[in-house]
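Each remark here refers to the structure printed beneath this line.
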Amino acid sequence: MKIAITWDYELFFGERSGSVEQCMIEPTDRLLLLAAKYKIPFTFFPDAGCLIKFEEQAACHQALQAIKNQIQVWDTKGHETGLHIHPHWEKSSWNGQQWEHDLSFYKLSDFSAEDASDIVDRYATYMNSLLSQPMQSYRAGGWCAQPFTPVAEAMKNAGIHLDSSVFKGGKNTTKPYQYDFTGTPDLSQWKFTEDPAVLHAEGVFTELPIASMNYSPLFFWKLFVLGRLNPSQHKPIGNGLPAKGGGSKKELLMRTHRLCVSADGYFSTQLNRALRRAKQANEPFLVVIGHPKALTPFGLKTLEAFIAKHREDHEFVTLSSVL
Ligand SMILES: [Zn+2]
């Protein structure tokens with residue numbers, strides 16, 4: 001089976017964004033060491049809006065240079081880069097200390113079709129200028145890829161033909177999020193035009209969904225207890241706070257949740273279960289999502305063990321190579 005491990009490379013969007021060094025550079029350096037050790041490629045989705053905003057702010061130029069250097073390092077080493085859009089950066093302001101975000105403009109659908117298309121166009125042009133090869137794939141910030149129609153033309157013009165924003169069964173309509181993937185086709189991949197969660201046989205885009213599965217309350221009990229008992233192993237390397245709306249802690253401890261197969265922190269303990277299920281279902285590939293900012297020392301070890309165990313009998317590939 002082909003396994004694509006993908007990383008959304010970004011700061012936090014809550015009350016504290018965290019530092020570029022701790023949320024992006026340091027954890028990604030560790031991932032690149034891991035990739036080199038096992039000779040496997042990753043796919044990175046850098047938050048393009050962040051980089052463009054940093055260009056405008058002299059106080060961020062040093063951090064921006066570190067980000068650009070790191071992108072260049074992974075680019076020359078054969079890792080793939082895709083387009084990742086958190087458009088709220090358009091409305092963000094620098095207060096002299098850190099960025100302040102207006103999350104009422106969290107997703108592209110919060111903008112007019114014209115503005116959303118312009119964002120896609122500018123962000124893709126900017127990112128491609130940093131890369132040796134043009135991007136092929138897209139991942140919406142916060143999975144909010146619906147509706148797609150207003151930006152479809154701009155995506156096509158930018159050379160994007162793959163999307164990996166959908167995870168089967170996922171749904172979140174708590175502000176600022178808005179996505180519903182409960183009615184996706186029962187397929188490993190599919191063509192689409194207007195909505196990445198809906199099959200359209202003549203579509204020019206291909207959906208490569210992020211793998212998903214159920215996580216029981218017990219999983220979250222363990223996650224929270226271990227975090228308390230052993231913070232040095234389970235505390236994220238990234239030092240920011242996530243945006244609200246991702247589901248309350250209490251909810252997670254009370255009912256089963258359908259979430260992405262993830263390499264973030266303690267979620268990495270479920271990678272073997274995800275792979276077993278994918279094999280049983282004869283899936284041709286497994287797309288895993290992760291965030292450098294959410295890596296933990298424990299998670300890195302677990303991820304390394306997963307890669308070491310499976311690199312002989314499976315093929316680790318970039319996202320566009322799962323096709
Ligand atoms: Zn993101």
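Listed here are the residues, each with its yes/no results for (1) assigned to a loop (DSSP other than H, G, I, E, B); (2) at pLDDT 95 or above; (3) surrounded by fewer than 18 Cβ atoms within 10 Å (Cβ to Cβ).
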{"residue": "Q133", "(1), (2), (3)": "yes, yes, yes"}
{"residue": "Q146", "(1), (2), (3)": "yes, yes, no"}
{"residue": "G159", "(1), (2), (3)": "yes, yes, yes"}
{"residue": "T174", "(1), (2), (3)": "yes, no, yes"}
(message) So H86 ticks every box in (1) more than 17 Å from W7 (Cβ to Cβ); (2) under 21 Å from the mean Cα position of the chain (by Cα) but one. Which box is left unticked?
(response) (1)
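Here's the yes/no breakdown for (1) within 14 Å of the ligand (Cβ to nearest atom); (2) over 21 Å from Q189 (Cβ atoms); (3) not polar (S, T, N, Q):
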| position | (1), (2), (3) |
| --- | --- |
| A124 | no, yes, yes |
| L131 | no, yes, yes |
| G141 | yes, yes, yes |
| T149 | no, no, no |
| A152 | no, no, yes |
| A158 | no, no, yes |
| H161 | no, no, yes |
(request) Scan region 10-18 and give yes if some residue there is modelled with pLDDT of 95 or more, of a type in the set (A, V, I, L, M), in a strand (DSSP E or B) and within 16 Å of the ligand (Cβ to nearest atom), otherwise no. (result) no
(message) Restricting to region 53-103, name every residue that is aliphatic (A, V, I, L, M), at pLDDT 95 or above and either crowded, with 18+ Cβ neighbours inside 10 Å or touching a Phe, Trp or Tyr at 6+ places or on another chain (Cβ under 8 Å) (or both).
(response) A59, A63, L64, I67, I71, L83, I85
(request) Filter region 6-52 for residues that are on the phi > 0 side of the Ramachandran plot and touching a Phe, Trp or Tyr at 6+ places or on another chain (Cβ under 7 Å) and give the result. (result) G18
(request) Kindly check whether there is at least one residue in region 204-212 that is crowded, with 17+ Cβ neighbours inside 10 Å and among the acidic types (D, E). (result) yes
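The values are calculated or read from the model by the stated rules, or taken from the named source; none is laboratory data. These figures come from a predicted structure and were not determined experimentally. Neighbour counts are summed over all protein chains in view; Cβ atoms, including those assigned to glycine, are modelled from backbone coordinates with ideal geometry.
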